[in-house]
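Chemist: Sending over a structure as structure tokens; questions will come in a sec.
The values are calculated or read from the model by the stated rules, or taken from the named source; none is laboratory data. Remember, predicted model here, so these are calculated numbers, not experimental data. Every residue, glycine among them, receives a Cβ derived from its backbone with ideal geometry; neighbour counts consider all protein chains shown. For the accessible areas, the whole protein counts, side chains as well, though only heavy atoms, and no ligand, DNA or RNA atoms are used. Shrake-Rupley method; radii C 1.70, N 1.55, O 1.52, S 1.80 Å.
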Amino acid sequence: MAGSGSNMKNIWIIANWKSNKTIAEALDWVSKVGPAIPKRDGLKVVICPTFSCISEVKKAVTVGNFPLMVGVQDLSPFGVGAYTGEEPAKLLEDYVNLAILGHSERRQNFGETDEMVAKKAEQALANSTIPLICVQNEETPVPEDCKLVAYEPVWAIGTGNPDTPQNAADVAKKLKQKYGGELQVLYGGSVTSQNVKSFVSQENIDGVLVGNASLDAEEFIKIVKGCEE
Ligand code: PGA
């Protein structure tokens, strides 16, 4: 089993649904995946749906008593108030445990800067939400007090062309050297049930951030089982 051995590490498996799934589709996914996830300490499975699905997904997870956490793919850099169109961490905290911040799709399509990511991280931390900071490499800044990072090279996202586990582990190691051993580093970019084990079995990789392959319930269950083998 991944993570067994001398130091039992956490394994994070984070489903980033991006702009996909109706509420009905989201609930169907939860009803299939929820009962299939093993309950064990250290296995941290998080679903990040669109904002429109969050409350229904949270309700389904709670009612089913499934070992799943719920996350968001972004949140407001501001608090509650006159910020049209934004979703503040304060109003999300009842539903979510984690926020993906600084994803490369947001940096590319929405002009998100390192400064904005830092403000969003501050909001998440002030509202009991774990910030998951997406970085391109060890040079992308990780805001203060953020302990969870995803290394996601742009060329590997949605291309079917993942980084090598060795290179991903090398970047993870550099990030840990830079920010301290408490940092947990995930890999993201074309992760599937076929390759997940090769990433999570690396000493410095603490889990995966999964886009495309997380949309299909059967494939996602295989990814979780692949980590547990
Ligand atoms: P992918 O996306 O798994 O579809 O490559 C990963 C991500 O963008 O987080």
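Chemist: Take the conditions surrounded by 16 or more Cβ atoms within 10 Å (Cβ to Cβ), free of Cβ contacts under 8 Å to residues at least 40 places away in the same chain and not charged (D, E, K, R) and apply them to PRO35. Does it pass? It would help to see each step written out before you state the result.
Modeler: Working: surrounded by 16 or more Cβ atoms within 10 Å (Cβ to Cβ): no; free of Cβ contacts under 8 Å to residues at least 40 places away in the same chain: yes; not charged (D, E, K, R): yes.
When the stated conditions are applied, PRO35 does not pass them.
Chemist: Determine if the range 118-139 includes at least one residue that is part of a loop (DSSP other than H, G, I, E, B), touching a residue at least 40 places away in the same chain (Cβ under 8 Å) and within 12 Å of the ligand (Cβ to nearest atom).
Modeler: Within the range 118-139 (the criterion being part of a loop (DSSP other than H, G, I, E, B), touching a residue at least 40 places away in the same chain (Cβ under 8 Å) and within 12 Å of the ligand (Cβ to nearest atom)), the answer is no, since none of the residues qualifies.
Chemist: Does at least one position in the range 173-183 carry a residue that is near the ligand (Cβ under 10 Å from one of its atoms) and surrounded by fewer than 21 Cβ atoms within 10 Å (Cβ to Cβ)?
Modeler: Scanning the range 173-183 turns up no residue that is near the ligand (Cβ under 10 Å from one of its atoms) and surrounded by fewer than 21 Cβ atoms within 10 Å (Cβ to Cβ).
Chemist: Quick check on the range 145-168: of everything there that is open to solvent by 10 Å² or more (accessible area, probe 1.4 Å) and small (Gly, Ala, Ser), which residue is farthest from the ligand (Cβ to nearest atom)?
Modeler: Filtering first and then ranking leaves GLY160.
Chemist: Kindly indicate whether GLY211 is over 18 Å from ARG40 (Cα atoms), touching a residue at least 60 places away in the same chain (Cβ under 8 Å) and in contact with a Lys or Arg (Cβ under 8 Å, 6 or more places away or on another chain). Outline the logic, then answer.
Modeler: Working: over 18 Å from ARG40 (Cα atoms): yes; touching a residue at least 60 places away in the same chain (Cβ under 8 Å): yes; in contact with a Lys or Arg (Cβ under 8 Å, 6 or more places away or on another chain): yes.
Yes: the conditions hold for GLY211.
The rows are residues; the columns are (1) of a type in the set (Ser, Thr, Tyr); (2) over 15 Å from the mean Cα position of the chain (by Cα); (3) modelled with pLDDT of 95 or more.
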position: THR129; (1), (2), (3): yes, no, yes
position: GLU152; (1), (2), (3): no, no, yes
position: VAL171; (1), (2), (3): no, yes, yes
position: LEU175; (1), (2), (3): no, yes, yes
position: VAL191; (1), (2), (3): no, no, yes
position: GLU229; (1), (2), (3): no, yes, no
